[in-house]
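Structure record follows, encoded as structure tokens.
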Amino acid sequence: MSLRLDRPGLLFAAVGLAGLALPLVQFKANRIVPGEGLSLPAALPMGLLMLLGLGAVLLAGCLRWSSALRLAAAAAGLAAVLLALGGAATSLTPPDDTLARVAPATGFWLLLLAFALMLTDALTRLRPALWLRVVLLVVAVTALAALLGSGLLDGVSVMREYAARQDMFLREAQAHLVLAFGSLGLALLVGLPLGVALYQARALRGPVLSVLNILQTIPSLALFGVMIPIFGWIAANVPGAAQAGVAGIGLFPALVALFLYSLLPVVSNTLTGLAGVNPATREAAIGLGLTRVQLLGWVLVPLALPVLLAAVRIVLVQNIGLAVIAGLIGGGGFGTFVFQGLNQTAMDLVLLGALPTIALALVAGIALDLAAEAANRRAPARQGA
Amino acid sequence: MTGRVLLGAALLVLLAFLARPGSFAPLFDPFTCNNAAAIYTQTPLWSLTLSHLALVGIAVLASTVVALVLAVLVTRPSGREFLPLARTITSVGQTFPPVAVLALAVPIMGFGAGPTLVALFLYGLLPVFENTLAGLTGQPRNVAEAARGMGLTPRQRLWQVDLPLALPVILGGMRLTAVISLGTATIGSTVAARTLGEVIIAGLLSANTAFVLQGGMVVGIIAVLIHAGFQGLERRAAARIGLAR
């Protein structure tokens with residue numbers, strides 16, 4: 001094998017080496033004061049050795065090895081950086097000190113970025129088969145869960161914040177999932193029939209789509225805010241509404257706001273999907289004597305599935321992100337931590353809200369991409385439409 | 001035609017409201033309770049609107065310039081190695097929630113307009129980059145052949161053929177970026193940036209729906225106008241390259 005320079009590798013090395021030079025962690029006497037930055041050798045007993053090891057991997061990445069080797073090296077690098085963070089937190093925090101916090105600093109984030117980029121690059125070049133990518137996603141999620149569950153990271157500031165409010169975290173996580181998936185479910189329940197109806201009734205398409213378009217331009221903050229008085233009024237004035245769980249504050253207004261945002265992607269993609277079915281396929285199905293309902297359920301919807309899955313991806317990723325804003329209006333979810341943290345200038349608390357949101361959005365996005373690809377392979381009849 | 005009239009009317013209402021918010025008070029009165037103020041007067045609405053627009057404008061311009069340069073670089077022969085990676089990063093990066101990006105910028109930048117600007121800039125890069133890439137790489141093969149046959153240097157081809165042909169798609173990316181940024185900037189007010197979000201948040205904190213409505217209305221109308229404006233530009237750019245849309 002001839003050793004040639006690899007340009008993306010040079011970029012990752014530059015990012016990673018900058019990360020090694022900058023402080024890995026910040027040591028703070030309590031959760032609010034600004035801290036003191038500590039680089040890898042200062043933060044860990046074996047830090048210098050680790051720094052040399054990580055540096056060697058980054059430099060080796062500048063040369064062109066096989067992509068599988070790079071993938072393994074990047075995964076090992078990621079694990080090492082995470083373990084270094086956990087180790088630094090454990091060794092820096094004095095025993096019995098419940099106030100001191102060891103937070104990840106710029107160096108940690110840059111190292112994480114460098115190895116994540118290296119990993120992505122290797123994966124992109126390897127172009128693994130669909131099933132292998134599913135396996136890799138499952139392995140990655142399991143490994144992260146195992147790492148978090150192992151207690152190795154428990155000393156890190158974010159995990160300390162988590163430990164202090166474990167019950168609340170689980171409750172808000174549940175609320176976040178209910179918001180994101182509940183609004184998706186509602187949007188599918190309403191949007192799919194609406195899309196099918198618009199497919200049949202051409203004249204209504206323009207007006208309905210422009211109303212949905214305008215809904216999307218309302219800033220999320222305002223839409224969430226407007227829902228509060230509307231549902232407050234409904235709860236107070238419509239008999240039985242309050243008993244049914246409708247209330248001006250809490251989960252309900254946020255859920256409806258997210259539902260309204262989700263309608264446009266679902267409806268417009270349903271239309272696109274149905275309109276994209278090969279006319280010959282339609283004719284053949286009609287020729288076979290299928291009724292309209294059968295035509296829709298057996299032929300059109302299955303063929304439109306890839307486009308529908310694309311809508312589900314857009315909506316789910318968007319709603320996981322927007323659900324953060326529910327935290328601002330008392331709707332719960334991870335946003336609760338984000339905005340509490342911003343109010344208290346406790347950045348670890350902000351991270352406790354932001355990191356799970358990002359992870360959730362990433363996993364949902366990747367998983368649905370894989371699902372859409374699988375569906376695309378099974379619907380070859382769309383081609384030529 | 002009716003669309004244009006409606007847009008013009010919306011623009012007039014917006015300008016009238018920003019110039020003399022007080023005269024709209026009767027309209028917002030029904031949404032207040034306990035004799036609260038119907039119009040936000042803490043800071044003049046027009047000044048909030050201007051700083052909101054400035055924030056979004058700077059972020060969109062900056063992300064457009066950087067995204068264009070990056071997209072051109074990764075489509076040159078010397079940058080091709082980065083192309084697959086760049087594609088993956090854009091598709092993965094767009095799953096990052098804008099609010100989370102904003103929250104993460106605070107520890108690095110402190111409170112104020114800074115983190116909002118950074119978050120809007122970073123988030124705005126992706127749609128423009130993705131669309132520019134699509135525009136630069138999705139051209140029919142015979143266009144490249146014709147350009148080479150005419151004896152254009154690579155630089156001439158980029159400026160005279162590739163970029164003009166990609167312009168409608170690039171504008172589409174900018175439209176997406178601008179509309180998302182307008183909405184996200186309102187959340188910047190939670191980290192003390194001066195935007196129209198201030199009005200909405202004041203309304204949320206004092207349970208004054210009138211404030212929430214007027215903040216949302218101003219941002220919403222601006223978003224619709226910008227959306228339509230970009231669509232007009234896109235149509236014009238498409239017509240210029242002989243694509244009637």
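The values are calculated or read from the model by the stated rules, or taken from the named source; none is laboratory data. Computed from a predicted structure; not experimentally measured. Here the Cβ positions follow ideal geometry from the backbone for every residue, glycine too, while neighbour counts run over all protein chains shown. Keep in mind that these areas ignore ligands, DNA and RNA; they rest on the heavy atoms of the full protein, side chains included. Shrake-Rupley method; radii C 1.70, N 1.55, O 1.52, S 1.80 Å.
For region B:1-127, the square roots of the Cα gyration tensor eigenvalues, ordered a ≥ b ≥ c, give a/c of at least 1.5 with a/b greater than b/c, which places it in the prolate category. Just so you know, the Rg over Rh for chain B is 1.07, from Cα atoms, with Rh as the Kirkwood radius. Enter the Cα centre distance for the pair region A:151-189 and region B:80-136, rounded to the nearest angstrom. If you average the Cα positions of each part, the centres end up 24 Å apart. Under 19 Å from a label point set 7 Å out along the Cα-to-Cβ vector of residue A:376, the amide N atoms of region A:133-169 belong to A:133-137.
Taking amide hydrogens as placed 1.01 Å from N in the peptide plane, the amide H of residue A:6 sits under 5 Å from those of A:63, A:64, each at least 5 positions away in sequence or on another chain.
Interface residues of region B:196-245, defined as those losing at least 50 Å² of solvent-accessible heavy-atom surface relative to the isolated chain (probe radius 1.4 Å), are listed as B:204. FRET efficiency for the residue B:34 to residue B:233 pair, using the beta carbon distance and R₀ = 35 Å, is estimated at 0.15. In region A:166-382 the Cα-Cα distances spread across 10 Å bins starting at 0 as 8, 28, 30, 21, 10, 3, 0 percent of all pairs.
Proximity of backbone amide H atoms, modeled 1.01 Å from N, is registered between residue A:334 and A:176 at under 5 Å, excluding neighbours fewer than 5 places apart on the same chain. Per-residue ellipticity at 222 nm from helix content only, as computed over chain A with -39500 (n - 2.57) for each DSSP H run of at least four residues, stands at -25000 deg cm²/dmol. If R0 is 45 Å, what FRET efficiency do you get for residue A:170 and residue B:13 from their C-beta distance, rounded to 0.05? Efficiency, from the Cβ-Cβ distance: 0.45. Please determine, in degrees from 0 to 90 and to the nearest 10, the orientation of helix A:335-344 with respect to the longest principal axis defined by the Cα atoms of chain A, where the helix direction is its Cα long axis. Helix A:335-344 sits roughly 50 degrees off the main axis of chain A. For region B:96-233, the per residue solvent-accessible surface stands at 38 Å², with DNA, RNA and ligands left out and a 1.4 Å probe.
Show me you know the interface measure: the accessible area buried between A and B, both chains summed, probe 1.4 Å, in Å² to the nearest 100.
Approximately 3100 Å², summed over both chains.
Expressed as a whole percent, the accessible surface of region B:82-182 that belongs to carbon and sulfur atoms is 66, based on a 1.4 Å probe.
The packing ranking, built from the mean of other Cβ atoms within 10 Å per residue, places the peptides A:191-204, A:106-119, A:294-307 in the order A:106-119, A:294-307, A:191-204, highest first. Think of each Lys and Arg Cβ as +1 and each Asp and Glu Cβ as -1; about the Cα centre, that makes the dipole of the protein assembly as shown roughly 2000 debye.
Using the Kirkwood radius over C-alpha pairs as Rh, can you work out the diffusion coefficient of region A:127-254 via Stokes-Einstein at 4 °C, viscosity 1.567 mPa s, in µm² per second? Kindly include the intermediate steps, with their values, before the conclusion.
Details: Rh = 19.3 Å.
For these conditions, the coefficient is 67 µm²/s.
With N the number of residues in region A:1-78, Rg(Cα) / (2.2 N^0.38 Å) evaluates to 1.33.
Given charges of +1 on the Cβ of Lys and Arg and -1 on the Cβ of Asp and Glu, with all other atoms neutral, how large is the dipole of chain B about its Cα centre, in debye to the nearest 20? List each step's numbers first, then the result.
On the way: 15 positive and 7 negative charges, 170 e Å.
Roughly 820 debye, rounded to the nearest 20.
With the gyration tensor restricted to C-alpha atoms of region A:7-150, the semi-axes of the equivalent ellipsoid amount to 30, 18, 11 Å, longest first. Applied to region B:41-49, the Karplus parametrisation 6.51 cos²θ - 1.76 cosθ + 1.60 on θ = phi - 60° returns per-residue 3J(HN,Hα) values of 10, 3, 10, x, 4, 5, 6, 4, 4 Hz, with x for Gly and Pro.
What Kirkwood hydrodynamic radius do you get for region A:51-107 when you take the inverse of the mean 1/r over all pairs of distinct Cα atoms, in Å?
Working: mean 1/r = 0.0753 Å⁻¹.
About 13.3 Å for region A:51-107.
Size descriptor for region A:173-243, Kirkwood hydrodynamic radius: 14.8 Å (Cα pairs only, one decimal).
The residues of chain A have, on average, 45 Å² of accessible surface per residue, using a 1.4 Å probe with all protein chains present.
Averaging over every viewing direction, what projected area does the convex hull of the Cα atoms of chain A cover, in nm²? Mind dumping the intermediate values first?
Details: hull surface 98.5 nm².
Averaging across all directions leaves 24.6 nm² for the Cα convex hull.
Once neighbouring chains are kept in place and the probe is 1.4 Å, which whole percent of the accessible area of region A:166-382 is contributed by carbon and sulfur? On region A:166-382, the fraction of accessible area on carbon and sulfur atoms equals 70 percent.
Comparing B:93, B:156, B:56 along the charge dipole axis of chain B, the residue lying farthest to the positive side is B:156, per the Cβ-charge model.
At a Förster distance of 25 Å, what's the computed FRET efficiency of residue A:7 paired with residue A:137, Cβ-Cβ distance as r, to 0.05? Don't jump to the answer; show the numbers that get you there.
Numbers: r = 28 Å, r/R0 = 1.11.
So the FRET efficiency works out to roughly 0.35.
Karplus-derived 3J(HN,Hα) values for region A:248-263, using 6.51 cos²θ - 1.76 cosθ + 1.60 with θ = phi - 60°, are x, 10, x, 5, 4, x, 5, 4, 5, 4, 5, 4, 5, 5, 7, 4 Hz; glycine and proline are entered as x. Over region A:74-184, the reciprocal of the mean inverse Cα-Cα separation, the Kirkwood hydrodynamic radius, stands at 16.3 Å.
Simple rule: put +1 on each Lys or Arg Cβ and -1 on each Asp or Glu Cβ in region A:166-382, find the dipole, and look at A:307, A:197, A:168; the Cα lying farthest toward the positive end is A:197.
Each residue of region A:264-275 is assigned a 3J(HN,Hα), and the resulting list reads 4, x, 5, 5, 5, 6, 4, 4, 4, x, 5, 5 Hz, derived from the Karplus form 6.51 cos²θ - 1.76 cosθ + 1.60 (θ = phi - 60°), x at Gly and Pro. The peptide list B:85-93, A:212-220, B:9-17, put in order of mean Cβ contacts within 10 Å with the highest first, becomes A:212-220, B:85-93, B:9-17. Among the residues of A:354-363, the average count of other protein chain beta-carbon atoms within 10 Å of the residue beta-carbon is 4.
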